[in-house]
1. Filtering the stretch 9-56 down to residues that are open to solvent by 60 Å² or more (accessible area, probe 1.4 Å) and within 16 Å of the chain's Cα centre (by Cα), which residue is nearest to residue 109 (Cα to Cα)?
2. Which of (1) in contact with a Pro (Cβ under 8 Å, 6 or more places away or on another chain); (2) on the phi < 0 side of the Ramachandran plot does residue 103 not meet, given it meets every other one?
3. How many residues are basic (Lys, Arg) and either on the phi > 0 side of the Ramachandran plot or more than 16 Å from the chain's Cα centre (by Cα) (or both) if we restrict to the stretch 137-164?
4. Output the residues belonging to the stretch 74-95 that are in contact with an Asp or Glu (Cβ under 6 Å, 6 or more places away or on another chain) and either free of Cβ contacts under 8 Å to residues at least 24 places away in the same chain or over 20 Å from residue 51 (Cα atoms) (or both).
5. Residue by residue through the stretch 68-80, note down the ones that are open to solvent by 10 Å² or more (accessible area, probe 1.4 Å) and in contact with a strand residue (DSSP E or B) (Cβ under 7 Å, 6 or more places away or on another chain).
6. Considering only the stretch 99-143, state which residues are assigned to a loop (DSSP other than H, G, I, E, B) and either in contact with a Ser or Thr (Cβ under 6 Å, 6 or more places away or on another chain) or surrounded by fewer than 17 Cβ atoms within 10 Å (Cβ to Cβ) (or both).
7. Can you tell me which residue within the stretch 87-98, out of those that are among the aliphatic types (A, V, I, L, M) and part of a strand (DSSP E or B), is surrounded by the most Cβ atoms within 10 Å (Cβ to Cβ)?
Amino acid sequence: MTDLETPRLFLHPMSPADAEHVAAGAPPAGARWAPGYPSPGEQGAATRFLATCAENGDPSPFCSYEIRLRAEGVVIGGIGFHGAPDERGSVTIGYGLVESARGQGYASEALRALLRFAREQGVARVRGDADSGNIPSQRVMTAAGMRLVNEDASLKYYLAEWAA
């Protein structure tokens, strides 16, 4: 599978070998990781990806992606699907950036690319959530075209959907 490209980023699909490095927090030879990558959340996502691969095979293209700066090739975070679409054509996404990359529009740019890709793959709806106090993440989803559809005491739930 090839990288998804945006004006400033590459979304690089993770292989199981890539995910093993992320889960262990140890970059492979030649990799360029920004300070703070991977976060505990990224390590958890890599571990879940590896479990999915072991149980059901590689879920690509509905996998995890490294977010890399085009100019330098440095990994600044991750974005991806929590699994393949369900019977209704729904997927759930998650994302995160190292602190030094936040506030520059990278997360919204990456999420817009992932939403566009999901739609091209025939996905009908994409779900995401953010902690109630995580205003930046809520802004990312809104900026990428998702809308707030529900909330509870701890989370706000977002959705992007397209007509069949």
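1. This residue is 40.
2. (2)
3. Residues in the stretch 137-164 being basic (Lys, Arg) and either on the phi > 0 side of the Ramachandran plot or more than 16 Å from the chain's Cα centre (by Cα) (or both): 2 in total.
4. Answer for the stretch 74-95, where residues must be in contact with an Asp or Glu (Cβ under 6 Å, 6 or more places away or on another chain) and either free of Cβ contacts under 8 Å to residues at least 24 places away in the same chain or over 20 Å from residue 51 (Cα atoms) (or both): just 75.
5. 68, 69, 70, 74
6. Across the stretch 99-143, the qualifying residues are 102, 103, 104, 105, 121, 122, 132, 133, 134.
7. For the stretch 87-98, the residue satisfying everything is 97.
The values are calculated or read from the model by the stated rules, or taken from the named source; none is laboratory data. Source: prediction; values computed, not measured. Virtual Cβ from ideal backbone geometry, glycine too; neighbours counted across all protein chains shown. We work out accessible area using only protein heavy atoms, side chains counted, and drop any ligands, DNA or RNA first. Shrake-Rupley method; radii C 1.70, N 1.55, O 1.52, S 1.80 Å.
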